[in-house]
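Everything on this sheet refers to the single structure shown next.
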Amino acid sequence: MSRRAFVAAATASAAALAMSGCSSNRVEEAKGEERVEGALADGAWKTSACWLTCHCGCKNQAYVVDGMVIRQKTDDLHEDTINMPQQRGCVKGRSLRQFVMSPDRVKYPMKRKHWEPGGGDVTLRGRDEWERIGWDEALDLVASEFKRIKETYGNQAFGNLELVPSPLLAAYGGYVSMWGQQSKGAWPLIANTVKGSFFSAANDRFSLAKAQLVVLWGLNPMWSALGSNTYFIQQAREAGARVIVVDSWFNPTCQALGADWVPCRPATDGALLAAIAYHMIENNLQDQAFLDAYCVGFDAEHMPEGHEGEENFKDYILGAYDDTPKTPEWASMICGTAPKVIRELAEAMATTKPMTLKGGQAPARNGNGDEFAHLFYTVGWMTGNVGKIGAEVSCADGSQGVQGGADIVYEGMGTCDLFGNENVNCTGPRGDYTLEKGKYDPDQYYGIPGAVWWQSIKEGQHVDFERGTHPVNIKCLYKIGAGAQFNQNPDQTTAIEVMRTPGLIEFRVCSEIVMSPDAQFSDIVLPATSPWEYAGGYTRSLNREALVFSEKLIEPLFEARSDWDIIIDLANRLDVDTSSFVYGNPDADGYTIMATSVLLDPKTGDYNPLVTVTQQDVDEYQLAMEPQEGVVAFKDVIKNGGYQVERNENDEFVYIAMQDFVDDPKTNPLPTETGKLEIFSSALVNRFAVFNTTSVNPIPKYVPSIEGYEQAAAARDGGEPDACRFQMIGVHHARQAHSASAEVKSLNEIFANDVLINDLDAQALGLATNDTALLTNPHGRTLRRVQATSRVMPGVVIVGQGNWTKLNEETGVDEGCNVNTLTGGYLSGQGQCQFNNVLVGISPWDGEALESDYLRPNIDIEL
Ligand SMILES: Nc1nc2c(c(=O)[nH]1)N[C@H]1C(S)=C(S)[C@@H](COP(=O)(O)OP(=O)(O)OC[C@H]3O[C@@H](n4cnc5c(=O)[nH]c(N)nc54)[C@H](O)[C@@H]3O)O[C@H]1N2
Ligand SMILES: Nc1nc2c(c(=O)[nH]1)N[C@H]1C(S)=C(S)[C@@H](COP(=O)(O)OP(=O)(O)OC[C@H]3O[C@@H](n4cnc5c(=O)[nH]c(N)nc54)[C@H](O)[C@@H]3O)O[C@H]1N2
Ligand code: SF4
Ligand SMILES: [Mo]
């Protein structure tokens with residue numbers, strides 16, 4: 001299949017919609033309708049990176065006529081070749097026009113009618129009326145509430161609901177932050193400890209193309225990393241590789257690549273992996289030489305010093321410690337994979353060389369995600385596929401999993417003084433930024449894990465591993481910037497309860513582009529500009545080869561202002577010193593960030609200036625820098641919408657993870673406690689002991705997850721028809737980037753985001769496609785339309801995560817089906833959220849049937 005046909009499968013109909021301009025959008029009606037006629041000639045194509053948080057950073061082009069985007073397309077600025085692929089966007093990126101110009105836009109500052117300093121009637125949050133207010137009044141109210149709260153309760157009363165640190169609250173005296181992995185589950189903690197690093201674990205795409213077998217384990221880039229990633233896997237496929245996908249459903253990547261599907265129930269991957277190990281050991285298929293030379297803990301003969309005689313992996317698999325050999329028959333009863341398929345998978349993984357084994361983040365976002373991640377590495381290492389071309393054992397971090405290696409081009413820091421300023425979230429070289437919340441530094445990150453955030457506020461205390469039990473007294477929730485942590489954190493029911501309980505949250509402020517649930521449940525809502533409304537430098541992406549530059553496309557819509565402006569105005573009202581806010585003004589920094597971007601020298605590993613900047617450029621664009629020599633002219637970067645490195649399969653950027661270590665383990669030991677890959681890891685046990693949330697085994701084992709299959713099976717055997725006997729996965733759905741663009745109606749129409757259920761299960765429940773089902777568990781109740789399909793394993797249901805909560809106040813049911821209405825706030829490992837170990841009961845809904853999402857109205861508050 002050609003690349004064009006391939007991507008077309010996912011984007012065609014949506015692109016048609018995006019192009020046809022069919023939108024009920026009032027912005028266009030008001031401003032654009034009469035000038036579409038004949039106006040095309042006056043417009044210009046401008047580029048902008050897609051800023052949606054799938055992190056592919058694809059190239060968008062927008063046709064701007066008289067300050068309004070009237071058409072969109074993606075990258076066609078150079079020929080599409082494998083060495084220089086166009087940075088093509090998906091249906092979401094191409095529908096950004098519908099998001100930016102959505103009726104859901106927050107149009108002006110608003111105050112909740114029954115809010116007053118101290119909270120007012122908090123029981124009305126999320127259902128109160130709104131009053132339009134002016135910017136000055138809004139900012140005065142926010143500032144005076146901040147002052148009152150600080151004086152009354154101190155800085156620990158401020159809670160930051162953003163994904164990133166808040167420079168304003170930091171400079172105002174500090175705040176309680178949120179920490180704990182959401183994205184990567186248990187991977188970072190396990191990887192950093194047992195193999196010495198989490199980042200740059202994948203090989204370069206040209207290495208991937210040389211694999212003979214590609215195993216994608218709980219990975220679905222066809223939805224979660226569209227860009228070019230599935231296309232890169234397809235290169236291996238076309239060169240003759242076999243592709244296998246291990247997932248609880250026949251996922252879209254499996255479909256697109258014509259891959260073999262190995263079904264496995266959610267959170268039971270550990271059992272499947274253990275059985276693969278069993279088959280390899282039974283048939284002596286493991287790469288014993290690799291295990292002996294590079295790993296510790298595989299067998300009794302290779303235990304780390306000081307731990308001789310303790311449990312080893314081989315004997316665990318053979319059943320020496322628990323009388324349970326981890327046979328395919330044993331595993332099959334847990335993971336649901338047929339024994340024959342397990343043996344065949346083990347055989348293929350052990351004997352096809354080179355193999356690229358990529359683990360998704362999703363299976364590590366489970367209650368037993370830590371044991372899974374460690375088992376995954378162990379079984380991968382048993383095949384010896386490390387440090388060689390085409391060979392890889394990695395956790396695929398979105399697109400990074402397909403494109404490992406250091407960035408060849410990297411965005412500049414603008415005027416950010418990265419190292420001179422401890423208050424600021426100057427995101428440094430890639431790597432730091434995603435770990436911010438996972439890394440716990442008590443000095444910098446005083447906080448509460450997201451998984452127990454709402455529970456802790458409700459209970460007024462939190463058990464912290466450093467300080468033990470300590471009081472929580474958050475009175476003010478803050479979000480002036482991107483993020484939707486109200487909707488996106490586990491335990492939505494408790495979140496709503498907290499917001500509506502008198503005496504808890506007195507004030508909540510939120511800046512937003514759209515009237516998201518975060519905005520709906522706030523007291524003051526401030527309209528924020530979208531990235532189309534300022535010159536945004538580069539959008540940070542996981543693509544090492546290309547930087548896509550974002551021009552300012554349109555003026556701020558309605559009364560929107562940038563978060564930066566809002567924060568500065570608040571700082572002035574609060575007498576806060578803004579000199580620490582060195583990064584963030586998009587209008588001032590956009591061009592400087594672009595002009596200070598850097599290019600990797602593969603010989604030295606140094607980064608050198610990429611862009612040639614003249615004095616004229618400095619003056620014309622008010623760049624905060626001196627003129628410099630680079631390899632591409634400043635104006636050419638604007639003209640080309642960025643800069644892309646032309647690659648080839650023999651170039652010096654081809655990266656193979658852990659090659660140094662494999663070439664010479666003595667000279668280049670890993671930064672682990674033993675210098676080797678740790679199948680037995682006492683460092684891991686100690687690391688968990690520090691966090692003191694849960695414990696872990698030194699060798700990886702299959703451990704049933706809370707809300708896992710075993711509980712589902714017990715519920716099923718109990719015979720109660722609507723017991724919680726279905727395992728639910730919340731996937732990262734093609735139609736939305738979490739909660740962003742979840743309400744874009746054209747996308748809703750193309751991708752229904754129904755609950756996918758096996759057709760035999762549906763039949764037994766009396767449910768058919770398009771019926772409305774009630775999904776319940778002790779955490780909450782939701783409704784969703786049903787799609788019965790044989791693509792999902794029996795006993796499993798799939799729903800796209802990120803839907804907006806739509807609470808029916810009479811029934812108490814979330815009619816939006818936010819998956820987090822059904823997730824529990826469990827604490828584990830280093831505080832990661834558990835999103836895919838969720839048990840639900842399903843039954844036909846006997847109330848009013850739900851309409852398809854695309855037919856349900858937007859919020860559209862006009863005052
Ligand atoms: N059940 C379940 N929950 C999950 C997950 C899951 O798999 N299952 N996944 C988790 C993961 S991996 C992640 S990363 C998180 C994501 O959690 P978040 O990043 O908090 O969620 P988003 O929905 O992406 O939030 C983006 C919001 O910010 C707004 N926004 C975007 N840009 C700007 C801006 O410049 N200024 C302002 N003021 N607003 C802006 C958008 O309109 C949108 O409402 O969700 C997590 N939640
Ligand atoms: N379209 C879109 N793309 C996105 C995002 C988005 O919201 N929308 N979010 C971005 C972000 S921030 C992140 S962190 C990444 C997340 O990327 P991922 O974590 O890779 O995405 P998911 O869709 O959660 O899961 C991938 C696949 O794993 C399967 N899976 C889930 N649980 C299990 C399990 O226990 N075992 C097995 N074997 N398979 C399982 C799911 O069915 C799914 O098909 O995606 C990024 N890309
Ligand atoms: S793949 Fe991601 S970054 Fe690219 S256009 Fe789609 S949503 Fe945007
Ligand atoms: Mo994420």
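Within the stretch 293-315, work out how many residues are more than 26 Å from residue 664 (Cβ to Cβ) and in contact with a Pro (Cβ under 8 Å, 6 or more places away or on another chain).
Qualifying residue count for the region: 2.
Which condition does residue 227 not pass, out of (1) among the small types (Gly, Ala, Ser); (2) open to solvent by 20 Å² or more (accessible area, probe 1.4 Å); (3) within 16 Å of ligand 3 (Cβ to nearest atom), if it passes all the others?
All conditions are met except number (2).
Can you tell me which condition residue 759 does not meet? The list is (1) at pLDDT below 95; (2) in contact with a strand residue (DSSP E or B) (Cβ under 6 Å, 6 or more places away or on another chain); (3) not aromatic (Phe, Trp, Tyr), and all the others hold.
Only one criterion in (1) at pLDDT below 95; (2) in contact with a strand residue (DSSP E or B) (Cβ under 6 Å, 6 or more places away or on another chain); (3) not aromatic (Phe, Trp, Tyr) is unmet by residue 759, namely (1).
Starting from residues that are more than 20 Å from residue 646 (Cβ to Cβ) and in contact with a strand residue (DSSP E or B) (Cβ under 8 Å, 6 or more places away or on another chain), keep the ones in the stretch 66-91 and report whichever is farthest from ligand 4 (Cβ to nearest atom).
70
Which is part of a loop (DSSP other than H, G, I, E, B) and within 12 Å of ligand 3 (Cβ to nearest atom), of 53, 81?
The unique qualifying residue is 53.
Go through the stretch 340-387 and give me each residue that's part of a loop (DSSP other than H, G, I, E, B) and in contact with a helix residue (DSSP H, G or I) (Cβ under 7 Å, 6 or more places away or on another chain).
Passing the criteria: 361, 366, 368, 383, 384, 386, 387.
Take the residues of the stretch 253-284 that are among the polar types (S, T, N, Q) and within 26 Å of the chain's Cα centre (by Cα): which is farthest from residue 317 (Cα to Cα)?
Among those residues, the one meeting the criterion is 255.
Out of 311, 347, 392, 371, report the one residue that is open to solvent by 40 Å² or more (accessible area, probe 1.4 Å), modelled with pLDDT of 95 or more, closer than 23 Å to residue 189 by Cα and more than 16 Å from ligand 4 (Cβ to nearest atom).
Going through 311, 347, 392, 371 in turn, the sole match is 311.
Working only within the stretch 742-754, note down all residues that are open to solvent by less than 10 Å² (accessible area, probe 1.4 Å), more than 11 Å from ligand 3 (Cβ to nearest atom) and either part of a strand (DSSP E or B) or among the hydrophobic types (A, V, I, L, M, F, W, C) (or both).
Result: 742, 744.
Between 541, 516, which is open to solvent by 10 Å² or more (accessible area, probe 1.4 Å) and within 16 Å of ligand 2 (Cβ to nearest atom)?
541
Which pairs have Cβ atoms under 6 Å, sit 6 or more apart or on different chains, and link a residue in the stretch 53-68 that is at negative phi to one that is more than 7 Å from ligand 3 (Cβ to nearest atom) and acidic (Asp, Glu)?
59/75; 65/42
Among the residues of the stretch 657-674, are any under 19 Å from residue 370 (Cα atoms), at pLDDT 95 or above and touching a Phe, Trp or Tyr at 6+ places or on another chain (Cβ under 9 Å)?
No, because not a single residue in the stretch 657-674 is under 19 Å from residue 370 (Cα atoms), at pLDDT 95 or above and touching a Phe, Trp or Tyr at 6+ places or on another chain (Cβ under 9 Å).
Would you point out which residue out of 159, 93 is buried (at least 16 other Cβ atoms within 10 Å of the Cβ), under 28 Å from the mean Cα position of the chain (by Cα) and closer than 22 Å to residue 805 by Cα?
Going through 159, 93 in turn, just one is buried (at least 16 other Cβ atoms within 10 Å of the Cβ), under 28 Å from the mean Cα position of the chain (by Cα) and closer than 22 Å to residue 805 by Cα: 159.
Check 764, 768, 773 and return the single one that is more than 26 Å from residue 54 (Cα to Cα), open to solvent by 10 Å² or more (accessible area, probe 1.4 Å) and touching a strand residue (DSSP E or B) at 6+ places or on another chain (Cβ under 9 Å).
Testing whether each residue is more than 26 Å from residue 54 (Cα to Cα), open to solvent by 10 Å² or more (accessible area, probe 1.4 Å) and touching a strand residue (DSSP E or B) at 6+ places or on another chain (Cβ under 9 Å) leaves just 768.
Can you give me the number of residues within the stretch 805-836 that are within 14 Å of ligand 2 (Cβ to nearest atom) and within 22 Å of residue 743 (Cβ to Cβ)?
Selection size over the stretch 805-836: 5.
So if I check each of 187, 179, which one is modelled with pLDDT of 90 or more and within 16 Å of ligand 4 (Cβ to nearest atom)?
Just a single option satisfies the conditions, and that option is 187.
Can you find a residue that is out of contact with any Leu (no Cβ under 6 Å at 6 or more places or on another chain) and closer than 25 Å to residue 862 by Cβ anywhere in the stretch 89-96?
Yes, the conditions are met somewhere in the stretch 89-96.
May I ask you to verify whether residue 759 is of a type in the set (Asp, Glu) and in contact (Cβ under 8 Å) with a residue 40 or more places away in the chain?
Here the answer is no, as residue 759 does not meet what is asked.
Consider the stretch 718-749. How many of its residues are over 27 Å from residue 365 (Cα atoms), at pLDDT below 95 and not small (Gly, Ala, Ser)?
Residues meeting the conditions: 2.
Taking residue 140 as meeting all but one of (1) away from ligand 2 (no atom under 16 Å from the Cβ); (2) assigned to a loop (DSSP other than H, G, I, E, B); (3) of a type outside the set (S, T, N, Q); (4) open to solvent by 40 Å² or more (accessible area, probe 1.4 Å), write down the number of the exception.
Single failed check for residue 140: (2).
Give me the pairs: first residue in the stretch 218-240 and without any contact (Cβ under 8 Å) to a residue 24 or more places away in the chain, second residue more than 10 Å from ligand 2 (Cβ to nearest atom) and open to solvent by less than 20 Å² (accessible area, probe 1.4 Å), beta-carbon distance under 7 Å, and six or more apart or on different chains, which are they?
237/243; 237/257
Just the residues that are more than 16 Å from residue 561 (Cβ to Cβ) and either among the β-branched types (Val, Ile, Thr) or surrounded by fewer than 21 Cβ atoms within 10 Å (Cβ to Cβ) (or both), please, taken from the stretch 143-156.
Matches in the stretch 143-156: 144, 147, 148, 149, 150, 151, 152, 153, 154, 155, 156.
Tally time: how many residues in the stretch 795-845 are more than 16 Å from ligand 1 (Cβ to nearest atom), open to solvent by 10 Å² or more (accessible area, probe 1.4 Å) and free of Cβ contacts under 8 Å to residues at least 40 places away in the same chain?
Within the stretch 795-845, residues that are more than 16 Å from ligand 1 (Cβ to nearest atom), open to solvent by 10 Å² or more (accessible area, probe 1.4 Å) and free of Cβ contacts under 8 Å to residues at least 40 places away in the same chain number 5.
Please enumerate the residues belonging to the stretch 206-224 that are open to solvent by less than 10 Å² (accessible area, probe 1.4 Å) and closer than 26 Å to residue 83 by Cβ.
Scanning the stretch 206-224 gives 207, 208, 211, 213, 214, 216, 221.
In the stretch 814-843, which residue that is among the small types (Gly, Ala, Ser) and more than 22 Å from residue 698 (Cα to Cα) is farthest from ligand 4 (Cβ to nearest atom)?
Only one residue fits best here, namely 843.
Please tell me if residue 779 is within 16 Å of ligand 3 (Cβ to nearest atom) and not acidic (Asp, Glu).
No: the conditions fail for residue 779.
The values are calculated or read from the model by the stated rules, or taken from the named source; none is laboratory data. Just so we're clear, the structure is a prediction, and the values are computed from it rather than from any experiment. Reconstructed Cβ throughout: ideal geometry from the backbone, glycine too, with neighbour counts over all protein chains shown. Quick note on the areas: whole protein, heavy atoms, side chains included, nothing else; ligands and nucleic acids left out. Shrake-Rupley method; radii C 1.70, N 1.55, O 1.52, S 1.80 Å.
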